[in-house]
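Q: Let me give you the structure first, and then I'll get to my questions.
Throughout, read-outs are computed from the coordinates displayed, never taken from laboratory work. Keep in mind the model is a prediction, meaning the values are calculated, not measured. For neighbour counting, all protein chains shown are included, and Cβ atoms are generated from backbone atoms with ideal geometry for every residue, glycine included.
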Amino acid sequence: NEDLHTISIGFSQSIDHDIWRKSMDHAMEVEAALHSEVKLTIYNANRQEKKQIKDIEKFISDKVDVIIISPFELDSIIPVIEKANAIGIPVIIIDRKVNTSNYTAYLGADNVEVGRIAGRHIVSLSKGMANVMEIQGASYTSPGLDRSMGFHQIINQYPNIKVITIDAQKDQLPKKAFVKILQSSSDINYVFAYNDVIAYQAWKETKIYIPNNKIKFIGVDGINGPNGGIQLVKDGVLESTVLYPTGGSEAIKLALKIANKEIVPKNNNLSTILIDSLNADIMSNQFDKITIQQSDIEQQQKIIKNQEKKYSTQSNLLKLLISL
Ligand code: FRU
């Protein structure tokens with residue numbers, strides 16, 4: 001029975017329509033396609049915590065083998081995670097943290113380090129003297145809180161670096177309000193935004209209202225490909241970005257290990273690195289190579305599957321002939 005060997009993985013994604021999330025989903029789909037025994041189902045909660053809880057409930061009632069969750073919110077989701085855990089369905093948390101430890105494993109990069117890398121970069125470029133605008137994303141999430149903590153750990157050691165903090169969520173972006181703040185807080189040299197999308201929006205707005213500005217924009221994520229942060233660095237839009245890997249393929253690999261009853265670490269750290277004009281080419285070449293290899297393997301898988309199909313129709317035909 002083929003079903004006995006199927007490993008069903010349910011992935012609850014929290015946010016749709018952004019390049020980082022799409023890239024995470026895609027990485028999972030590619031990795032899942034490489035393992036013929038894996039059946040991956042992705043639900044997207046579109047920023048609604050209640051929908052995310054329902055999606056996870058569905059995975060529980062469908063008795064999937066492993067649930068992967070990229071949480072939207074850190075508290076309301078606790079009961080459903082604990083429910084899965086209590087009935088023995090392993091849960092992997094990816095990216096944002098949750099306020100419970102009743103799950104199997106966590107996977108993600110260290111956001112405190114992400115903030116520190118951005119801080120150190122500004123310190124070294126400015127030699128410790130600068131006016132910085134920090135544009136926070138969702139400050140109620142662990143990446144938001146941790147990035148801010150790491151950034152201030154570094155920046156606060158330099159009394160000649162002044163920081164003004166605004167919140168992109170409280171619609172200071174992309175509206176004119178952002179530029180007003182920028183103009184009134186005279187001589188901003190650096191903008192550190194909590195992701196590349198926000199950094200890019202800030203860059204665009206600034207260009208319209210302060211055409212000859214010399215502000216250096218720093219983002220986070222560093223997605224490869226068109227419109228991604230690496231390309232923005234190559235185009236000179238961003239001074240730099242801090243790589244925040246999605247962990248999509250690692251999550252599927254981890255889920256497989258767990259499904260195969262291997263013992264896995266509770267915390268699985270993904271590495272992060274500064275991407276600027278010095279290494280942007282190398283980084284994108286590296287990522288391109290991985291993508292090419294993955295699609296090669298996918299091709300091979302398809303060929304094998306087709307051959308298997310052909311073989312099984314042939315052998316069915318043979319059986320039929322024999323039975324005649
Ligand atoms: C995408 C995103 C990324 C960020 C991550 C943090 O939805 O905002 O840009 O790195 O989520 O949770």
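Q: Can you spot the aspartates and glutamates whose alpha carbon is less than 20 Å from residue 319's alpha carbon? Ignore those fewer than 8 places along the same chain.
A: 2, 308
Q: For region 228-236, take each phi angle, set θ = phi - 60°, evaluate the Karplus expression 6.51 cos²θ - 1.76 cosθ + 1.60, and give the result in whole Hz per residue in order, putting x for glycine and proline.
A: Once θ is set to phi - 60°, the couplings for region 228-236 become x, x, 5, 5, 5, 5, 4, 7, x Hz.
Q: Okay, next question. Quick one: if you stick a label point 7 Å off each Cα along the C-beta vector at residue 299 and residue 320, how many nm between them?
A: Placing both labels 7 Å along Cα→Cβ, they lie 3.3 nm apart.
Q: With axes computed from alpha carbons, what is the tilt in degrees of helix 142-155 against the longest principal axis of the chain, rounded to the nearest 10 within 0 to 90?
A: The angle comes out at about 40 degrees.
Q: Another question about this same structure. What does the convex hull of the alpha-carbon atoms of region 14-80 project to on average, in nm²?
A: Orientation-averaged projected area of the Cα hull: 4.6 nm².
Q: Moving on to the next point. Please state the relative contact order of region 175-324 as a whole percent: Cα pairs under 8 Å, 6+ residues apart?
A: Worked out over region 175-324, it gives 17 percent.
Q: Within the set of other residues whose C-beta is less than 12 Å from the C-beta of residue 21, count the net charge using Lys and Arg as +1 and Asp and Glu as -1.
A: Here the charged neighbours net out to -2.
Q: Turning to a different aspect of this structure: Find the relative contact order for the chain and round it to a whole percent, using C-alpha pairs within less than 8 Å whose residues are 6+ positions apart.
A: Rounded, it is 17 percent for the chain.
Q: For q values of 0.17, 0.25 Å⁻¹, compute log₁₀ I(q)/I(0) with the Debye formula on a Cα-only model of region 217-316, without solvent.
A: Cα-only, vacuum Debye calculation for region 217-316: -0.88, -1.19.
Q: May I pose another question? Just the number, please: percent antiparallel of the DSSP beta bridges in the chain, rounded to the nearest 5.
A: Counting only bridges with both partners in the chain, antiparallel ones make up about 5 percent.
Q: A further question on this structure: Using only the alpha-carbon atoms, how far is helix 196-209 inclined from the longest principal axis of the chain? Give it as 0 to 90 degrees, nearest 10.
A: Around 40 degrees separate the two axes.
Q: Order these by the 10 Å Cβ neighbour count, fewest first: 194, 106, 43, 311.
A: Ranked by crowding around the Cβ, least crowded first: 311, 43, 106, 194.
Q: Still on this model: Work out, step by step, the length gained on full extension between residue 153 and residue 101: first 0.36 nm times the residue separation, then minus their alpha carbon distance; give nm to one decimal.
A: Gain on extension, residue 153 to residue 101, equals 16.1 nm.
Q: Which loop trypsin sites (Lys or Arg not before Pro) in region 1-47, with loop taken from DSSP, have no more than 14 other Cβ atoms within 10 angstrom of their Cβ?
A: Counting only loop positions with at most 14 other Cβ atoms within 10 Å, the trypsin sites (Lys or Arg not before Pro) in region 1-47 are 47.
Q: Hey, another quick one. Tell me, what is the Rg over Rh of the chain, with Rh the Kirkwood radius over Cα pairs?
A: Radius of gyration relative to Kirkwood radius: 1.06.
Q: Calculate the spin-label point distance for residue 208 paired with residue 124, positioning each point 7 Å from the Cα along the beta-carbon direction, and give it in nanometres.
A: Placing both labels 7 Å beyond Cα along the Cβ direction yields 3.5 nm.
Q: Does anyone have the angle between helix 111-126 and the longest principal axis of the chain? Alpha-carbon axes, 0 to 90°, nearest 10?
A: For helix 111-126, the angle is close to 40 degrees.
Q: Roughly speaking, what is the stretch gain from residue 307 to residue 184, that is 0.36 nm per residue apart minus the C-alpha to C-alpha distance, in nm to one decimal?
A: Length gained between residue 307 and residue 184: 37.6 nm.
Q: Any idea what the dipole of the chain comes to, in debye rounded to 20, about its Cα centre with Lys/Arg Cβ at +1 and Asp/Glu Cβ at -1?
A: Computed charge dipole of the chain: roughly 360 debye.
Q: Loop sites only, by DSSP: take the GluC sites (Glu not before Pro) in the chain that have at most 16 other C-beta atoms within 10 Å and name the longest stretch containing none of them.
A: 38-261
Q: Ignoring everything except DSSP H segments at least 4 long, calculate the 222 nm mean residue ellipticity for the chain; use -39,500 (n - 2.57) per segment, divide by total residues, nearest 500.
A: -15500 deg cm²/dmol, from helical runs alone.
Q: Further question on the same structure: Which pairs, out of 54/266; 97/176; 22/261; 58/289, put more than 31 Å between their alpha-carbon atoms?
A: 97/176; 58/289
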